[in-house]
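Okay, structure first, notes after.
The values are calculated or read from the model by the stated rules, or taken from the named source; none is laboratory data. What you see is a predicted model, and the numbers here were worked out from it, not measured in a lab. Every residue, glycine among them, receives a Cβ derived from its backbone with ideal geometry; neighbour counts consider all protein chains shown. When the accessible area is computed, the model is the full protein with side chains, heavy atoms only, and any ligands, DNA or RNA have been set aside. Shrake-Rupley method; radii C 1.70, N 1.55, O 1.52, S 1.80 Å.
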Amino acid sequence: MNIRFRKEELELKHLINNRIQQVEMSAIRKFSEAVQQYNDGVNLTIGQPDFPTPDHVKQAGKIAIDTNKTGYTNNAGIPKLRQLACQFVKQKYGLTYSWKDETIIMNGATQALDTVFRTILEEGSEVILPGPAYPGYQPLILMSGAKPVFVDTTKNDFKMTADLIKQHITEKTRCVLLSYPSNPVGTYLTKEELADIATLLQEEDIFIVSDEIYSELIYEGKHYSIASFPEVRDKSVIINGLSKSHSMTGWRVGFLFAPEYLAKEMLKVHLFNTTCASSISQEAAIEALTNGLDDPIPMREEYKKRSDFIYERLVSMGLEVEKPQAAFYIFPSIKQFQLTSVQFAKKLLEKEHVAVVPGSAFSSIGQNYIRISFASSMDVLEEGLNRMERFVSASKAEKLTQDT
Ligand code: PLP
């Protein structure tokens, strides 16, 4: 007997973990994929530096393969790399961590975030974080069973403040997530602003997770880390890595620094999840932190140039926008067009074949904005902005006709 089943009858969708079903695919990917249907498409969506990994670092990766450094490493990472990572944050940001007990090499900042959330969050825990925020946080928080509590920072120059945190603390708050320099805005917190947050949180039984992946890409001024304040050092977890500073996104090298009692627990999560970071990438990272400490400088200078250019262009189109101070993103307001950010991004894509990311991808607080990445050459940016200018003028004219 030939029994035929419908596909749906064979699927067990109802048994899939509910937390995972809540999570949506990345809106950034949706637009970066949609633009590929156009031969003349301009993609301004991605957070992928357009520079190659520095040659000497690539070479170190090749040597690692040729000399058979291709086995498992220590779970926490190659000792030499952990030592260099500690030296790096000591020299640059004055942080003091033991390489043996307080430093773990991760598969990118993403795995570090996942590891810390799984270690400290429980069902019902709340995580206070700035809105708009990098879209990678919410899914990881939800998958840990916790709840993201986005704080509207749009009226505070997109900066989290001690006051804003205080207003959102409840009995369930387990962690405050800081994300500076910020994606999508390119702002960062000053020493004084961080000191206020440290003063507030020193009295609270709340962890601080600080994602500092763009710390080497501040154009002018200096990066401060929350862990440099002794009063909160032992409740803080610092995340950094080489993805953005050394244009090494595909190598997957991240750093996690935490006090020993916490690092010990996080190491279990890391070890049973992934054993260790790639040995080849770790060898390349050793080279980056030995002879490549200045590698980010030319990239940072180029990002600043692009940022100045794109900021001027957006202002001259009549868009309200914060000037980026770091990283490679800009976040103009599109409120005047009375469209949702998805509608705006879709229209821009359809009419001018330019892809940007709708601000709502960065939480509902980003609804009136779009994010433009300037990790593309000046030529690409100029073309994208010319088209956007045409689109903005046409939309303004259209609105004027509707209004009159
Ligand atoms: N944190 C922020 C704020 C980011 O913007 C990104 C990537 O865009 C990441 C973390 C992920 O970094 P990694 O590629 O090292 O996992």
* Asked: Out of all the residues in region 119-135, which are in contact (Cβ under 8 Å) with a residue 24 or more places away in the chain and either surrounded by fewer than 19 Cβ atoms within 10 Å (Cβ to Cβ) or touching a Phe, Trp or Tyr at 6+ places or on another chain (Cβ under 8 Å) (or both)?
  -> Ile120, Glu122, Gly124, Ser125, Val127, Leu129, Pro130, Gly131, Pro132, Ala133, Tyr134, Pro135
* Within region 305-362, which residues are within 20 Å of Lys155 (Cα to Cα), part of a loop (DSSP other than H, G, I, E, B) and within 16 Å of the ligand (Cβ to nearest atom)? -> Pro324, Gln325, Phe331
* Asked: Name the residues in region 60-93 that are within 25 Å of Lys264 (Cα to Cα) and among the hydroxyl-bearing types (Ser, Thr, Tyr), would you?
  -> Tyr72, Thr73, Tyr93
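Just give me the residues in region 250-300 being among the basic types (Lys, Arg), over 27 Å from Pro54 (Cα atoms) and in contact with an Asp or Glu (Cβ under 9 Å, 6 or more places away or on another chain), in sequence order. Please lay out each step first, then the result.
First, the residues of region 250-300 that are among the basic types (Lys, Arg): 252, 264, 268, 300.
Within this subset, residues satisfying the condition of being over 27 Å from Pro54 (Cα atoms) are 264, 268.
Matches in region 250-300: Lys264 only.
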* To do: Could you pull out the residue among Phe257, Phe229 that is buried (at least 24 other Cβ atoms within 10 Å of the Cβ) and more than 13 Å from Ala284 (Cα to Cα)?
  => Phe257
* **Lone unmet requirement of (1) of a type in the set (Lys, Arg); (2) open to solvent by 10 Å² or more (accessible area, probe 1.4 Å); (3) under 17 Å from Val185 (Cα atoms) for Lys351** => (3)
* Structure fact -> Across region 1-29, the tally of residues that are closer than 30 Å to Lys304 by Cβ, in a helix (DSSP H, G or I) and in contact with a helix residue (DSSP H, G or I) (Cβ under 9 Å, 6 or more places away or on another chain) stands at 2
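Look at Ile165 and say whether it is touching a Pro at 6+ places or on another chain (Cβ under 9 Å), open to solvent by less than 10 Å² (accessible area, probe 1.4 Å) and in a helix (DSSP H, G or I).
Spelling it out, it is not the case that Ile165 is touching a Pro at 6+ places or on another chain (Cβ under 9 Å), open to solvent by less than 10 Å² (accessible area, probe 1.4 Å) and in a helix (DSSP H, G or I).
Yes or no, residue by residue, for (1) over 20 Å from the mean Cα position of the chain (by Cα); (2) over 22 Å from Lys100 (Cβ atoms); (3) within 15 Å of the ligand (Cβ to nearest atom):
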{"site": "Asp205", "(1), (2), (3)": "yes, yes, no"}
{"site": "Ser215", "(1), (2), (3)": "no, yes, yes"}
{"site": "Phe229", "(1), (2), (3)": "yes, yes, no"}
{"site": "Asp234", "(1), (2), (3)": "yes, no, no"}
{"site": "Ile239", "(1), (2), (3)": "no, no, yes"}
{"site": "Leu242", "(1), (2), (3)": "no, no, yes"}
{"site": "Trp251", "(1), (2), (3)": "no, yes, yes"}
{"site": "Cys276", "(1), (2), (3)": "yes, no, no"}
{"site": "Glu283", "(1), (2), (3)": "yes, no, no"}
